[in-house]
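Here the structure is laid out as structure tokens; the discussion comes afterwards.
The values are calculated or read from the model by the stated rules, or taken from the named source; none is laboratory data. As the structure is a prediction and not an experimental result, all values here were calculated from the model. Cβ sites come from the backbone with ideal geometry, for glycine too, and all protein chains shown count toward neighbours.
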Amino acid sequence: MTTLLLNIIKLMIYEIGQIISETITTSMILSILFKIIIASIILIATYLIGRYISHLLSRFLTRVEEDLRNRIIDISRYLIYAVGILIAIAILSPEPFTFSILILIVGLAVIVSLSDILRNWGSELYIRAVKPFHIGDWIEILGKNGRVVKTDSLGVLIETIDRERVYVPNSVIAREIVVNRTTPYGTIFRLRAEMSSDVDEIYASEVLAKILGEIRGELVDEPKISYLGVFDGKSVFEIRLVLLNIRKIEDIIEFLNKRVREIWPNARVRI
């Protein structure tokens, strides 16, 4: 029985060898070698084209910020390399149509998985081109007020008056309204003074104006007080200030809270 089984295995190996020898011909070997040579040429050409495009972009983007210029050059070079590699693999593939479908599926999967990162990169290019703010500016976005302390390829880091660090993705900045409070004449702050709903509007405005007069020397121009109405059972006033030194805002808010609470113990002033 064992001998019969060994003979069958030997016969199968012999038949497989015959099939392979009949299938792989000299023309097929030459065809494979030709494909390898063509794919190699394409890879070398892709590398040279990538370097040439990088050099060309670096010459034409001299007025663009260095960090942004390097990012554009890197992205362009990687895209060229990716296209060249895919073309080379397609040439070497025995079934180009099947390979193309597979590449399409993989490409879509990569795009979906990296969609947030790709959106942030695209938004970064838009933000750097428009330049709605700079590092050190005081901005407001999504109800958050803070000073811009850092920007990178994925988002912007702002620091609030309470020293909280808020990271906002570039994709959010590109689609939301961003208010830049920093002007050539100073930084604009809009404070909210909240107090009991039964206070007299005119009297409260006069008191706030008198208190603000005590810090007039810290302000660029006259502060403006507006009555917004009653919200959640509280009378709300908006105080508009323009400061040259944004670091003074913490001391000013602390001072205003101290003074208004001498008159209305439950009142508070905040950004």
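At a glance:
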read-out: Contacts under 9 angstrom Cβ, first residue in segment 185-214 being assigned by TED's automatic domain parsing to the domain that holds residue 225 and over 15 Å from residue 271 (Cα atoms), partner polar (S, T, N, Q) and part of a strand (DSSP E or B), 6 or more apart; value: 196/235; 197/235; 198/235; 199/235; 201/235; 204/235; 205/226
read-out: Criterion: crowded, with 17+ Cβ neighbours inside 10 Å and of a type outside the set (S, T, N, Q) - qualifying residue of 260, 179, 166, 236; value: 260
read-out: Residue within segment 149-156 that is acidic (Asp, Glu), at negative phi and surrounded by 17 or more Cβ atoms within 10 Å (Cβ to Cβ) present; value: no
read-out: In segment 177-227, the residues that are charged (D, E, K, R) and in a strand (DSSP E or B); value: 190, 192, 194, 224
read-out: Single match in 54, 58 (criterion: part of a helix (DSSP H, G or I), at pLDDT 75 or above and either in contact with a Lys or Arg (Cβ under 6 Å, 6 or more places away or on another chain) or loosely packed, with under 12 Cβ neighbours inside 10 Å (or both)); value: 54
read-out: Any chance residue 198 is surrounded by fewer than 11 Cβ atoms within 10 Å (Cβ to Cβ), of a type in the set (Asp, Glu), more than 33 Å from the chain's Cα centre (by Cα) and farther than 30 Å from residue 127 by Cβ; value: yes
read-out: Exclusive hit being closer than 20 Å to residue 121 by Cβ and either among the β-branched types (Val, Ile, Thr) or in contact with a Lys or Arg (Cβ under 7 Å, 6 or more places away or on another chain) (or both), set 179, 172, 149; value: 172
read-out: Evaluation of residue 220 against (1) surrounded by 12 or more Cβ atoms within 10 Å (Cβ to Cβ); (2) at pLDDT below 90; (3) under 20 Å from residue 258 (Cβ atoms) (one fails), failing number; value: (3)
